[in-house]
Amino acid sequence: MEAASSSQCSYSYEEYKETADWLLSQTENRPKVAIICGSGLGGLAGMLDDKNVFPYRDIPRFPTSTVVGHEGQLVFGKLNGHECVCMQGRFHFYEGYNIHTVTYPVRVFFLLGVEILIVTNAAGGLNGSYSVGDIMLIKDHINMPGFAGQNPLCGHNEPRFGVRFPCMSDAYDRELRALAKKTAEEHGCGSFLQEGVYCMLAGPTYETVAECRALQKLGADAVGMSTVPEVVVARHCGLRVLGLSLITNKVVIDYDSSEKANHEEVLKTTKHRATDLQRLVSQLISKL
Ligand SMILES: *[C@@H]1O[C@H](CO)[C@@H](O)[C@H](O)[C@H]1NC(C)=O
């Protein structure tokens with residue numbers, strides 16, 4: 001099992017450094033922005049100019065991706081004239097990766113000199129006023145795996161990355177969110193832009209009706225199976241974060257409903273609105 005063999009309990013500073021130094025020796029790009037592309041949102045990487053592509057399997061110590069719809073490569077290049085690095089295909093906890101492996105790339109980005117992390121994902125809408133195809137700016141998160149002891153910062157704290165007890169009340173950068181809102185309005189995306197709370201569950205099962213109702217009561221607007229561990233690690237090492245969820249389905253909160261969540265549906269919807277989301281990110285980057 002590929003995933004299991006590349007899972008590790010935790011990594012030393014030197015391991016992240018080895019990966020980062022190798023990348024710095026292979027590319028002349030010095031990105032300040034890293035983008036993690038969610039399910040079906042890998043098209044962003046295709047928008048980069050002057051690309052430098054590194055399949056995960058070629059990068060020393062880098063984990064590899066297994067899920068359908070996730071290409072596994074790191075793409076360096078210019079988006080609207082700005083150097084960035086795109087992670088095309090992320091690592092999910094449900095694939096069997098250790099939580100430290102899921103977040104491995106974020107510390108590599110930090111060591112590359114990245115200052116801003118943009119995370120995107122496909123999520124289920126819990127908020128009754130959301131429509132399929134809406135883009136939700138993440139205002140805050142609920143780290144459900146963290147409640148259950150799966151926090152990527154558990155274990156030895158490496159002070160070269162950050163402090164033992166990092167603040168999370170300001171996880172999603174206020175200025176970046178304001179900029180994203182302004183950009184969306186300027187480009188006619190304001191009508192389907194929402195702002196809300198993302199709740200992460202470990203997956204891979206979709207939520208039961210009772211779970212969805214519970215999450216709504218907790219104040220979550222969207223639910224998904226990613227993003228939060230990467231954001232926690234990014235904030236620990238001082239990166240500014242912007243998060244965007246594409247609402248690809250509405251969760252089932254009615255026992256009489258015959259609707260069922262399925263991954264193919266998610267991928268299909270994503271294709272449709274993904275272009276808008278990708279364009280939004282690209283326009284936003286030109287303003288940083
Ligand atoms: C749902 O979204 C709307 C629009 O963003 C917001 O006003 C509302 O507080 C959210 N939550 C609930 C429970 O409706």
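The values are calculated or read from the model by the stated rules, or taken from the named source; none is laboratory data. Quick caveat: nothing in here was measured; it's all calculated off a predicted structure. When we count neighbours, we look across all protein chains shown, and the Cβ atoms used for this are built from the backbone with ideal geometry, even at glycine.
Comparison of VAL241, VAL228 shows that the only residue that is in contact with a His (Cβ under 6 Å, 6 or more places away or on another chain), away from the ligand (no atom under 16 Å from the Cβ) and in contact (Cβ under 8 Å) with a residue 12 or more places away in the chain is VAL228. Scan segment 114-157 for residues that are among the charged types (D, E, K, R), crowded, with 17+ Cβ neighbours inside 10 Å and modelled with pLDDT of 95 or more and the total you get is 1.
Conditions tested, residue by residue: (1) polar (S, T, N, Q); (2) under 30 Å from GLY162 (Cα atoms); (3) touching a Leu at 6+ places or on another chain (Cβ under 9 Å).
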position	(1), (2), (3)
GLU185	no, no, yes
MET200	no, yes, no
THR208	yes, no, no
GLU211	no, no, yes
ILE253	no, no, yes
GLU264	no, no, no
GLN278	yes, no, yes
GLN283	yes, no, no
SER286	yes, yes, yes
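Residues in segment 231-288 that are in a helix (DSSP H, G or I) and acidic (Asp, Glu) were compared, and the one that is modelled with the highest pLDDT is ASP276. Scan segment 251-266 and give yes if some residue there is closer than 22 Å to ASP140 by Cβ and buried (at least 19 other Cβ atoms within 10 Å of the Cβ), otherwise no. Scanning segment 251-266 turns up at least one residue that is closer than 22 Å to ASP140 by Cβ and buried (at least 19 other Cβ atoms within 10 Å of the Cβ).
Could you please let me know if PHE161 is surrounded by 16 or more Cβ atoms within 10 Å (Cβ to Cβ) and either within 19 Å of the chain's Cα centre (by Cα) or away from the ligand (no atom under 16 Å from the Cβ) (or both)? Spelling it out, PHE161 is indeed surrounded by 16 or more Cβ atoms within 10 Å (Cβ to Cβ) and either within 19 Å of the chain's Cα centre (by Cα) or away from the ligand (no atom under 16 Å from the Cβ) (or both). Count of segment 209-224 residues, restricted to those that are in contact with a helix residue (DSSP H, G or I) (Cβ under 9 Å, 6 or more places away or on another chain) and either within 15 Å of VAL241 (Cα to Cα) or away from the ligand (no atom under 13 Å from the Cβ) (or both), is 1. Quick one: how many residues across segment 179-206 are within 16 Å of the ligand (Cβ to nearest atom) and either free of Cβ contacts under 8 Å to residues at least 12 places away in the same chain or not in a strand (DSSP E or B) (or both)? Number satisfying all stated conditions: 8. Among the residues of segment 120-141, the one identified as touching a helix residue (DSSP H, G or I) at 6+ places or on another chain (Cβ under 6 Å) and within 15 Å of PRO229 (Cβ to Cβ) is HIS141. Residues in segment 226-237 that are in contact with a helix residue (DSSP H, G or I) (Cβ under 6 Å, 6 or more places away or on another chain) and surrounded by fewer than 24 Cβ atoms within 10 Å (Cβ to Cβ): CYS237 alone.
A search for C-beta distances below 7 Å between a residue of segment 10-23 that is surrounded by fewer than 20 Cβ atoms within 10 Å (Cβ to Cβ) and any residue that is of a type in the set (Gly, Ala, Ser), counting only pairs 6+ apart in sequence or on different chains, returns SER10/GLY155.
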